[in-house]
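The structure appears right after this line, and notes come after that.
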Amino acid sequence: MAWAIVVDGGPPENLHKSPFERMAPYAGRLFTGVMQRNTRGSHGLERRAPNVYPCTVEHVEACLDAFDGTGPVVVLANREPVRHDRAADGSIVVKRSASGLVTALEPLIEACSGVWVAHGAGTADDVVVDRRDGLNVPPASPRYRLRRVWLSRKEERGYYYGFSNEGLWPMCHRAHVQPMFRSEDFDAYRVVNARFAEAVHDEVESESPLILVQDYHFALAPQAIRERLPLSTIVAFWHIPWPHPRDYAVCPWGRELLEGLLGSTILGFQTPEDCENFVDTVEAVLDAHIDRGRRVITYGDRQVTVRAYPVSIEWPNRWACQSPPVDTCRAVVRRQLPPGARLAVGVDRLDYTKGIDEKFLAVERLLELHPEFREHFVFVQVAEPSRDGLAAYQAYRSRLVKTLDRVNLRFGTERYRPLVLIEAHYEPSEVYQLLRAADVCWVGSLHDGMNLVAKEFVAARDDNSGVLMLSQFTDAARELSDAVLVNPYAIDACAQALAEALTMTREEQARRMGAMRAVVAQFNAYRWVVEILTDAAHLRANRELHRQTDWPAHSIPA
Ligand code: G6P
């Protein structure tokens with residue numbers, strides 16, 4: 001395949017450089033900002049390498065300068081950051097999404113006053129929108145536009161419950177649930193992806209906008225958007241693991257999905273292994289040219305850059321900053337516990353990938369092996385109901401409740417239950433209160449893309465204490481190596497690790513927490529966005545130069 005017939009810009013030669021080095025040609029304001037801070041003499045920052053600064057919203061804004069005049073940035077994601085539901089008394093209740101994806105993307109969309117296009121799934125969502133099916137959010141202090149897309153129940157069943165969550169989700173996660181692929185589900189997925197692409201098209205204001213497509217619900221959208229907006233810069237980010245090509249082969253529409261994704265300018269994954277798996281899958285399925293060194297795929301007349309961008313959370317974190325002091329959170333939460341009891345918490349969607357049953361089994365083992373914890377230890381698991389119309393989720397819930405009842409019967413007393421399962425939506429302020437009150441936060445996923453709860457726990461603990469017990473099968477474990485890392489399948493070892501976590505000295509807790517806080521502060525959501533936008537800006541500039549000069553893209557210095 002020829003590099004010369006590239007439509008979407010050549011691959012940057014310098015993707016190995018730090019985002020700050022790569023931003024230099026585009027981000028005058030970014031570097032001016034840093035210089036100004038330096039000349040004001042703040043902490044001798046000028047002597048540090050540029051990429052040790054934690055990224056801030058100003059860095060994001062500086063990156064966005066490269067897209068000046070291209071209209072609002074549009075995020076396409078299935079889950080809306082804010083939904084409106086009708087309560088039993090007829091009033092309208094506003095709920096924030098629990099999704100990690102929202103946590104990561106909201107700072108960006110707020111910084112650029114962009115547009116978030118999502119499925120309007122709330123029971124009162126249609127009551128509060130304007131004539132163009134949108135509204136400004138968050139309701140208390142609007143910072144960006146939310147555009148809602150409506151789906152019939154049948155479409156939602158096929159596209160969301162069916163193809164996305166009974167097909168792609170189990171195919172991408174090693175959790176031993178068989179993927180189900182039905183033609184009618186894929187038909188709905190196709191129709192719905194095209195409808196969302198149309199909504200994106202409605203919201204843009206130029207022929208070359210920046211569009212950020214999120215996750216496995218929208219594999220076909222990049223190509224559908226590209227057909228409508230050939231000059232757009234499209235970044236698609238796949239938040240969940242990408243499977244090995246052998247596992248991907250079970251999907252009957254694998255080729256179509258890849259072609260859809262290759263409509264992007266950049267395809268982002270959480271880890272280099274996901275990128276590797278994706279590139280191997282493309283090689284196995286399509287007749288594409290692959291430059292592994294530069295991670296560039298040429299398919300037909302287009303080039304797509306494939307890169308890892310580990311997702312993160314806002315730092316400094318607004319929910320931690322707004323929370324009452326740790327002692328107050330502890331006092332409030334512990335009112336409901338036996339006096340002096342140690343507390344471990346888990347916060348997940350109720351999903352079979354999250355290893356909740358395994359955590360319950362490990363608590364049972366802990367109480368068998370360490371009788372000293374009986375009546376002196378409680379594990380509180382918040383499990384937000386999720387995809388609960390699906391058989392696999394219902395079966396999983398029954399299994400959890402069975403284990404919970406058995407353990408509580410075995411070790412509980414009239415006034416004590418070792419396991420507490422809260423099946424409810426928790427607002428971020430409630431999640432942070434719980435995280436700040438806990439001795440241990442336990443993330444036990446059998447397989448997980450990143451797991452932002454782990455990072456949220458670290459953000460919540462500005463008192464430098466608390467222990468993170470983290471499954472080695474989350475991508476977060478790569479960054480948070482000072483957590484107590486566990487194999488969730490090894491029940492006895494988890495019980496032992498839990499006993500150690502519950503008795504860890506304050507000094508050791510502070511050492512580990514301090515190290516993890518430094519990592520998350522450095523690799524925050526702003527940095528995630530800056531890295532993506534830097535690459536996107538580079539590719540866009542390359543393409544512009546290519547269009548103006550008619551030079552082959554690969555001959556333009558990146
Ligand atoms: C997890 C995944 C996200 C995904 C979300 C969807 O949090 O990590 O990548 O978007 O699930 O959850 P939902 O409740 O919207 O089906």
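The values are calculated or read from the model by the stated rules, or taken from the named source; none is laboratory data. A quick note: this is a predicted structure, and the numbers were derived from the prediction, not measured. Note that we place each Cβ from the backbone using ideal geometry, even for glycine, and neighbour counts take in every protein chain shown.
Key figures
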{"read-out": "Enumeration of residues in the range 296-343 that are in contact with a strand residue (DSSP E or B) (Cβ under 8 Å, 6 or more places away or on another chain), small (Gly, Ala, Ser) and within 30 Å of Trp238 (Cα to Cα)", "value": "Ala308"}
{"read-out": "Meets criteria (in contact with a Gly (Cβ under 6 Å, 6 or more places away or on another chain), of a type outside the set (D, E, K, R) and either farther than 22 Å from Pro338 by Cβ or not assigned by TED's automatic domain parsing to the domain that holds Gln496 (or both)) for Gly355", "value": "yes"}
{"read-out": "Evaluation of Phe457 against (1) touching an Asp or Glu at 6+ places or on another chain (Cβ under 9 Å); (2) closer than 26 Å to Val82 by Cβ (one fails), failing number", "value": "(1)"}
{"read-out": "The lone exception for Thr123 - which of (1) farther than 17 Å from Arg79 by Cβ; (2) touching a Lys or Arg at 6+ places or on another chain (Cβ under 6 Å) it fails", "value": "(1)"}
{"read-out": "Scan of the range 101-126 for residues that are within 11 Å of the ligand (Cβ to nearest atom) and closer than 30 Å to Gly69 by Cα, ordered by number", "value": "Leu101, Val102, Thr103, Ala104, Leu105, Ala118, His119"}
{"read-out": "Elements of type helices (runs of 4 or more DSSP H) in the range 116-204, at least 1 residues being within 23 Å of the chain's Cα centre (by Cα) and farther than 24 Å from Ala395 by Cβ", "value": "183-203"}
{"read-out": "Where Tyr161 falls short, out of the listed (1) surrounded by 20 or more Cβ atoms within 10 Å (Cβ to Cβ); (2) under 27 Å from Val347 (Cα atoms)", "value": "(1)"}
{"read-out": "Selected residue (only one of Ala118, Ala124, Ala140, Ala111 is surrounded by fewer than 20 Cβ atoms within 10 Å (Cβ to Cβ) and touching a residue at least 40 places away in the same chain (Cβ under 8 Å))", "value": "Ala124"}
{"read-out": "Strands (runs of 3 or more DSSP E) fully within the range 394-492 counting 2 or more residues that are surrounded by fewer than 17 Cβ atoms within 10 Å (Cβ to Cβ)", "value": "419-422"}
{"read-out": "Odd one out for Glu184 among (1) surrounded by 17 or more Cβ atoms within 10 Å (Cβ to Cβ); (2) of a type in the set (D, E, K, R); (3) not assigned by TED's automatic domain parsing to the domain that holds Lys95", "value": "(1)"}
{"read-out": "Close pairs from the range 212-229: first on the phi > 0 side of the Ramachandran plot, partner within 16 Å of the ligand (Cβ to nearest atom) and outside any loop (DSSP other than H, G, I, E, B), Cβ under 8 Å, at least 6 apart", "value": "Asp215/Leu101; Asp215/Phe237"}
{"read-out": "Given (1) outside any helix (DSSP H, G or I); (2) away from the ligand (no atom under 16 Å from the Cβ), index of the condition Val213 fails", "value": "(2)"}
{"read-out": "Selection within the range 87-108 - free of Cβ contacts under 8 Å to residues at least 60 places away in the same chain, within 28 Å of Ala454 (Cα to Cα) and part of a loop (DSSP other than H, G, I, E, B)", "value": "Ser97, Ser99"}
{"read-out": "Selection count, the range 383-393, where residues are assigned to a helix (DSSP H, G or I) and loosely packed, with under 14 Cβ neighbours inside 10 Å", "value": "1"}
{"read-out": "Scope the range 56-91; condition surrounded by fewer than 18 Cβ atoms within 10 Å (Cβ to Cβ) and of a type in the set (Lys, Arg); matching residues", "value": "Arg86"}
{"read-out": "Residue in the range 170-177 that is more than 16 Å from the ligand (Cβ to nearest atom) and either surrounded by fewer than 19 Cβ atoms within 10 Å (Cβ to Cβ) or free of Cβ contacts under 8 Å to residues at least 24 places away in the same chain (or both) present", "value": "yes"}
{"read-out": "Hey, Thr353 closer than 29 Å to Glu531 by Cβ, among the polar types (S, T, N, Q), within 16 Å of the ligand (Cβ to nearest atom) and touching a His at 6+ places or on another chain (Cβ under 6 Å) or not", "value": "yes"}
{"read-out": "Qualifying residue in the range 513-532 (condition: among the acidic types (Asp, Glu) and either touching a strand residue (DSSP E or B) at 6+ places or on another chain (Cβ under 7 Å) or free of Cβ contacts under 8 Å to residues at least 60 places away in the same chain (or both))", "value": "no"}
{"read-out": "Test: residue in the range 183-194 that is of a type in the set (D, E, K, R) and within 16 Å of the ligand (Cβ to nearest atom)", "value": "yes"}
{"read-out": "Within the range 328-340, tally of residues that are within 30 Å of the chain's Cα centre (by Cα) and without any contact (Cβ under 8 Å) to a residue 40 or more places away in the chain", "value": "1"}
{"read-out": "Single unsatisfied condition, Asn78 versus (1) farther than 15 Å from Glu203 by Cβ; (2) within 16 Å of the ligand (Cβ to nearest atom); (3) out of contact with any helix residue (DSSP H, G or I) (no Cβ under 6 Å at 6 or more places or on another chain)", "value": "(3)"}
